[in-house]
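Heads up: the structure comes next, in structure tokens.
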Amino acid sequence: MIRTFLVDDEYLALNLLETYAQQVPDLEIIGKEKLPMKALECLQQSQVDLLFLDIQMPVLSGNNLLKTLQNPPLVVFTTAYTEYAIEAYELNVVDYLLKPFPFERFLQAVQKAKQLLNARLAGNSAISTTTPDFLSLKVDGKLVKVFVDDILYVEGLKEYVRFVCTGNRKYITLESLRNLEEQLPSQLFSRVHKSYIVAKTKVSALDGNMLEIGAVKIPISRGKRDEVVAEIFK
């Protein structure tokens, strides 16, 4: 069971989150709160696996609440505003739900969180032993440390690759996507196109044959759509 906490200062939105969560057998709702300061107190005292968190709230915004937590759970932002998307990825949230969102979109976020939790439980030791927490890249004559959790996607550029990371950081280095596909943990990354590897938990939506990571659209190879949907959204 995924211990789940819901925070939204709007009564109807909070009730909708609860209704959605009650339909997912894997979720155990251990609390819900309208007041962000009270929610912060509860979160500091409770063991929470997954937090659905509104951003625009009085006194303490959702993003500032998240920054306050010393050991934050997995977080899904719920908001009516698009302008917080970049900061959301910098905070390494699981997903970013734009209100009003249907149950199917809510379920996609839950599945991404479940996938990441399973990777941590069953793959924490496996990931740490088979892959490092970071990659050392040669960039412009320097050796740069790029943390795996910060990678949004990797783009192939013939003999080079470009890493696009949180905080709008980009690194180009001499490497091949084939080698990276073997180095990056398959629980967290997927080769969706001959020119792209994406971080599964950073994908926010699917639009036709395009994956969305923030404002960027990434193509899926012809014939791989069903495989990618099953891997990332289920």
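Other residues lying with their Cβ under 10 Å from the Cβ of GLN108 contribute a combined charge of +1, Lys and Arg counting +1, Asp and Glu -1. Expressed as a whole percent, the accessible surface of region 33-125 that belongs to carbon and sulfur atoms is 51, based on a 1.4 Å probe.
For the chain, the Cβ-based charge dipole about the Cα centre amounts to some 680 debye (Lys, Arg positive; Asp, Glu negative; other atoms uncharged). Here the simple spin-label model places points 7 Å from the Cα toward Cβ, and for THR19 and MET210 these points are separated by 3.2 nm. Surface analysis of region 47-187 yields an accessible area of 53 Å² per residue, using protein heavy atoms and a 1.4 Å probe.
By the rule of a C-alpha distance below 26 Å, with chain neighbours fewer than 8 residues away ignored, the lysines paired with LYS158 are LYS138, LYS142, LYS145, LYS170, LYS194, LYS200, LYS202, LYS217, LYS224.
Taken over the C-alpha atoms, region 60-213 has Rg and Dmax values of 16.0, 49 angstrom. Close amide H partners of SER61, meaning residues 5 or more places away or on another chain with modelled amide H under 5 Å apart, do not exist here. Only one residue of ALA85, TYR11, ILE232 has its Cα farthest out toward the positive end of the dipole of the chain, where Lys and Arg carry +1 and Asp and Glu -1 on Cβ, and that residue is ILE232. Modelled this way, with points 7 Å down the Cα-to-C-beta line, the labels at LYS38 and GLU182 are 5.6 nm from one another. What is the angle, in °, between the Cα long axis of helix 11-22 and the longest principal axis of the Cα atoms in the chain? Nearest 10 is fine, range 0 to 90. Between helix and principal axis, roughly 60 degrees.
The values are calculated or read from the model by the stated rules, or taken from the named source; none is laboratory data. Values in this document were obtained by computation on a predicted structure and should not be read as measured data. Cβ coordinates were reconstructed from backbone atoms using ideal geometry, including for glycine residues, and neighbour counts include every protein chain displayed. Calculation scope for accessible area: heavy atoms of the full protein, side chains included, ligands and nucleic acids excluded. Shrake-Rupley method; radii C 1.70, N 1.55, O 1.52, S 1.80 Å.
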